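Below is one structure; the comments refer to it alone.
Only the coordinates and a few stated rules stand behind these numbers; no lab work does. For clarity, every value in this text was computed on a predicted model and none was experimentally measured. Positions of Cβ are backbone-derived with ideal geometry, glycine not excepted, and every protein chain shown enters the neighbour counts.
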Amino acid sequence: MDIMKSINQAKNLIFDPKGTMEKLKMEKTSTQDIIIYLAIVGIPTFLGIFLGYGFIGWGSYGTFYGYAFGLAIVTYIFSIVGVIVFGFILNILSDSFKTKQNQIQAMKLVAYAATPWLLLGIVNIFPAASLISLLGGLYGLYILYIGIPILMETPKEQHIPYFIVSIIVFIIIMGIISWLVGWIWYSMTWSYIGSYGWNYPY
């Protein structure tokens, strides 16, 4: 999967999620392709955190470049891992909703649902506005909702129950990911303070 193809897919998903998923449903895709796609659409999240905490937002108060890069890398990797784990669990749950298991389709679905959230991660350039990225998460849930019957071929009567359980699973996974990132962030912060003391270069 090349970069431009991934960018075009992300753009089409934002503006026409249903039509795009119907077109992509039968496209031959590997797990590697999906991971590469996530790595590409996750770049705005990486840049948002790196620039926001290293240069523009918190970074404007001192020399936090190394800290910001570390936080950006950790958030970037864990965000992608969280999406992949969500895909595996979504596929495992499919049998409970009269849906045939299909790992690739489940992975495609969660990758597409995560697209607006990862793209809006760029707003972390201004840390105070980082909650705006939640709007991307809400739009991602909409993509997940319309994508379940398209990509997973879930029966109509099982669509909403599958979607509700998926949301619960997603919240749990993202909660764990957020906790891990927060814990690493906390450790990095105190490591930074331990190295420089309280005398920040303002």
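Tabulated data for the structure shown
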| item | result |
| --- | --- |
| Distance from the stretch 62-128 to the stretch 30-53 (C-alpha centre basis), Å | 9 Å |
| Cα lying deepest toward the dipole's positive end in the chain, options MET4, TYR76, ILE172, charges on Cβ | MET4 |
| Helix axis angle, 103-119 relative to the chain longest principal axis, alpha carbon, degrees | 40 degrees |
| Residue exposure sequence - MET107, MET26, MET152 - by fewest surrounding Cβ within 10 Å | MET26, MET152, MET107 |
| Simple label model, 7 Å out from Cα along Cβ direction - ILE7 to ALA39, nm | 1.8 nm |
| FRET E, pair SER96, LEU180, Förster distance 22 Å, beta-carbon r, rounded to 0.05 | 0.20 |
| Taking PHE15, PHE55 and counting other C-beta atoms within 10 Å, the order from fewest to most | PHE15, PHE55 |
| Cα long-axis angle, helix 65-93 against the chain (0 to 90 degrees, to the nearest 10) | 20 degrees |
| Angle in degrees between helix 31-41 and the longest Cα principal axis of the chain, rounded to the nearest 10 | 50 degrees |
| Out-of-range pairs (alpha-carbon distance over 18 Å; input LYS11/LYS100; LYS25/LYS108; LYS28/LYS108; LYS18/LYS98) | LYS11/LYS100; LYS18/LYS98 |
| Lys, Arg +1 and Asp, Glu -1 on Cβ, resulting dipole of the chain about Cα centre, debye, nearest 20 | 200 debye |
| Ranking of LEU135, LEU90 by count of other Cβ atoms within 10 Å, fewest first | LEU135, LEU90 |
